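Heads up: the structure comes next, in structure tokens.
The values are calculated or read from the model by the stated rules, or taken from the named source; none is laboratory data. Predicted model only: the values in this text are computed from it and were never measured. Ideal geometry is used to build each Cβ from the backbone, glycine not excepted, and the neighbour counts take in all protein chains shown. The area values use the complete protein model at the heavy-atom level, side chains included, leaving out ligands, DNA and RNA. Shrake-Rupley method; radii C 1.70, N 1.55, O 1.52, S 1.80 Å.
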Amino acid sequence: MYTLNFDPAEFLSQYWQKKPILIKNAFPQFEDIISADELAGLAFEDAVASRVVVTKTNDWQIIEGPFEEYEQFGDSNWQLLVQALNHWHPDSNKLINAFRFIPDWRFDDLMVSFATPGGGVGAHIDNYDVFIIQGEGQRHWTVGDKGHYAPKNNDPTTPLIEGFEPIIDAVLEKGDLLYIPPGYPHQGQTLTLAMSYSIGFRAPSQQELFSELADSLIDNNSGLKRFTSSNEPKLASQISTSHQQDMMALITELAANPDNYQAMLGKMLSQNRFELDICEPEEPYSAEDITDYLSQGALLYRIGGLKLLRVEADSESRIFVNGEVFNYPAHIETDINKLCENFSFDNQQAVSLMQTAETQKVILELLNRGYFYFAE
């Protein structure tokens, strides 16, 4: 149901972060992950990030959730947006899995939209990659080329722009996919009652990386090497070019040492922007509890949205989970690889993982942190 009808390798080489593309029937026999009623119900919950966007004459009104009812919005010109559906709806993983040819650290969230005719957001530009998959109904999408665009109403803080000339102009139907890289203006308008799914991928900015690196150095009381010089400027009031360059070289030296950035990157990139549905047990699990659950046929699941990341060529054997570090002995690397690469394990797979005491210890810790859970 969620198997892509195109070659991911070709997509990565020709389109990923290069240019937008519309792929008709990218998901043959596509079925909606969630119904409109279920989505509306989720937006009643305080923990779920949601909003309604109402289309007005040459303007849009944004109303933040949670919501108690929707009758006030009428039958047209509005849409409901729910962020991070994958955190609250386990079936979402089936769709997300189709896009794991892109690394997990980039994955941001799965946003779902229910829209009435005339609903939309207006022309805007995002700073992240997005795949838009059409579910039930039809939406008209236009995408423009990169360029300089005037902000809507001369407001420099808004992502909305005045308009653009389309390079893609198409009506999306069930199973169609539209990919838009950062910096390309786009706009969607709903033609019929419609469900659509936006899978976003983000990357850190220079500002974010510098901030995280600075915090890491402070937390670890490292990066204490000071600037020294071999010559001084003739003018007392001058910061010489060589001094400028040598000071910046201190930063380059820090950035070139994996000991300074590997843990920082692992912690930073394993965190989520949206709240996780953490399932901490009422009483901590024991090794005996694990054996008992598995003997009754239980399955093992990772909570929605949780990232388990490893750093290639890491100086330690460890995984990064929601900004935390979990160390493990090197000889269980194969088990850890399975744990990181899969969202769920059937009973037989879970039993197999638990055969090694050290692997069981890691899983026990993840269960007691509420990052994994047992289910039938």
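Annotations for the structure displayed:
- The residue pairs whose first member lies in the range 353-371 and is farther than 21 Å from Asn322 by Cβ and without any contact (Cβ under 8 Å) to a residue 60 or more places away in the chain, whose second member is open to solvent by 10 Å² or more (accessible area, probe 1.4 Å) and of a type in the set (Asp, Glu), and whose beta carbons are closer than 7 Å, counting only pairs six or more residues apart or on different chains, are Thr356/Asp335.
- Just one of (1) in contact (Cβ under 8 Å) with a residue 40 or more places away in the chain; (2) open to solvent by less than 20 Å² (accessible area, probe 1.4 Å); (3) touching a helix residue (DSSP H, G or I) at 6+ places or on another chain (Cβ under 8 Å) fails for Phe114. It is (2).
- Residue match in the range 149-157 (condition: without any contact (Cβ under 8 Å) to a residue 40 or more places away in the chain, in a strand (DSSP E or B) and either farther than 10 Å from Ala123 by Cα or open to solvent by 20 Å² or more (accessible area, probe 1.4 Å) (or both)): yes
- Among the residues of the range 118-146, the one identified as farther than 21 Å from Ile63 by Cβ and of a type in the set (Lys, Arg) is Lys146.
- Output for the range 219-243, where each listed residue is farther than 30 Å from Met268 by Cα, part of a loop (DSSP other than H, G, I, E, B) and not β-branched (Val, Ile, Thr): Ser229, Ser230, Asn231, Glu232, Pro233, Lys234, Leu235, Ala236, Ser237, Gln238, Ser240
- Of all residues making up the range 140-161, the number that are modelled with pLDDT under 90 and among the basic types (Lys, Arg): 1
Residues are listed down the side, and each one gets a yes or a no for (1) of a type outside the set (A, V, I, L, M); (2) at pLDDT below 95; (3) farther than 30 Å from Glu341 by Cβ:
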position: Asn97; (1), (2), (3): yes, no, no
position: Val112; (1), (2), (3): no, no, no
position: Gly120; (1), (2), (3): yes, yes, yes
position: Val130; (1), (2), (3): no, no, no
position: Gly135; (1), (2), (3): yes, no, no
position: Ala170; (1), (2), (3): no, no, yes
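- Qualifying residue in the range 53-70 (condition: more than 30 Å from Leu309 (Cα to Cα), part of a helix (DSSP H, G or I) and free of Cβ contacts under 8 Å to residues at least 24 places away in the same chain): no
- Residue match in the range 106-128 (condition: over 13 Å from Gln189 (Cβ atoms) and either among the basic types (Lys, Arg) or part of a helix (DSSP H, G or I) (or both)): yes
- Contact map, the range 213-237: residues that are over 16 Å from Thr252 (Cα atoms) paired with residues that are part of a loop (DSSP other than H, G, I, E, B) and hydrophobic (A, V, I, L, M, F, W, C), Cβ distance under 8 Å, separation 6+ or inter-chain. Pairs shown: Pro233/Ile239.
- Taken over the range 166-200, the residue count meeting the criterion of being open to solvent by 10 Å² or more (accessible area, probe 1.4 Å), closer than 23 Å to Gln14 by Cβ and not small (Gly, Ala, Ser) is 6.
- Looking only at residues of the range 231-243 that are under 43 Å from the mean Cα position of the chain (by Cα) and of a type in the set (Ser, Thr, Tyr), we find that the one that is most open to solvent (accessible area, probe 1.4 Å) is Thr241.
- Any pair with Cβ under 7 angstrom, 6 or more apart, that starts in the range 31-42 at a residue that is farther than 14 Å from Leu95 by Cβ and ends at one that is part of a loop (DSSP other than H, G, I, E, B) and open to solvent by 20 Å² or more (accessible area, probe 1.4 Å): Ala40/Tyr70; Leu42/Trp88
- Scanning the range 323-376 for residues being of a type in the set (Val, Ile, Thr) and touching a strand residue (DSSP E or B) at 6+ places or on another chain (Cβ under 7 Å) gives a total of 4.
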